[in-house]
Amino acid sequence: MAKVCEVCKKGTMSGNIVSHSHHNTKRSWAPNLQKIRVLMDGKVVRKYVCTRCIRSGKVQKAL
């Protein structure tokens with residue numbers, strides 16, 4: 001599964017874990033994706049959507 005929102009295209013971000021001694025190691029942050037049933041063009045499809053898009057109403061959940 002690609003860690004990308006299918007609505008807003010939000011993906012993983014990368015950065016550093018910084019220890020107390022300022023030793024840096026790479027890490028990544030993934031978006032909070034949920035697989036939900038969405039109404040698209042009158043049809044019900046399953047999509048991976050981030051919680052920000054669900055909460056802001058960018059997608060209409062199918063009942």
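Only the Cβ atoms of Lys and Arg (+1) and of Asp and Glu (-1) were treated as charged; on that basis the dipole of the chain about its Cα centre amounts to roughly 160 debye. When the chain is described by a simple charge dipole with +1 on each Lys and Arg Cβ and -1 on each Asp and Glu Cβ, the residue from SER21, VAL38, CYS50 located farthest towards its positive end is VAL38. Phi angles across segment 23-37 convert, under the Karplus curve 6.51 cos²θ - 1.76 cosθ + 1.60 with θ = phi - 60°, into 3J(HN,Hα) values of 7, 9, 9, 6, 8, 9, 10, 9, x, 7, 9, 10, 8, 10, 8 Hz, Gly and Pro given as x.
Taking a point 7 Å out from the Cα of ARG52 in the direction of its Cβ, the residues of segment 1-15 whose backbone N falls within less than 14 Å of it are 4-14.
In order along segment 50-63, the phi-based Karplus estimate (6.51 cos²θ - 1.76 cosθ + 1.60, θ = phi - 60°) of 3J(HN,Hα) comes to 6, 5, 5, 5, 5, 5, 7, x, 6, 10, 9, 6, 7, 8 Hz; Gly and Pro are listed as x. Taking every DSSP helix (H) stretch of at least 4 residues in the chain, weighting each as -39,500 (n - 2.57) and dividing the sum by the residue count yields a mean residue ellipticity at 222 nm of -2000 deg cm²/dmol. With all protein chains in place and a 1.4 Å probe, the accessible surface of the chain carries 51 percent carbon and sulfur.
Roll a 1.4 Å probe over the protein chains and send me the accessible area per residue for the chain in Å².
81 Å²
The values are calculated or read from the model by the stated rules, or taken from the named source; none is laboratory data. Since the structure is predicted, the reported quantities are computational estimates derived from the model, not experimental observations. No Cβ is skipped: glycine too gets one built from the backbone with ideal geometry, and neighbour counts run over all protein chains shown. Note: areas computed on protein heavy atoms with side chains; ligands, DNA, RNA excluded. Shrake-Rupley method; radii C 1.70, N 1.55, O 1.52, S 1.80 Å.
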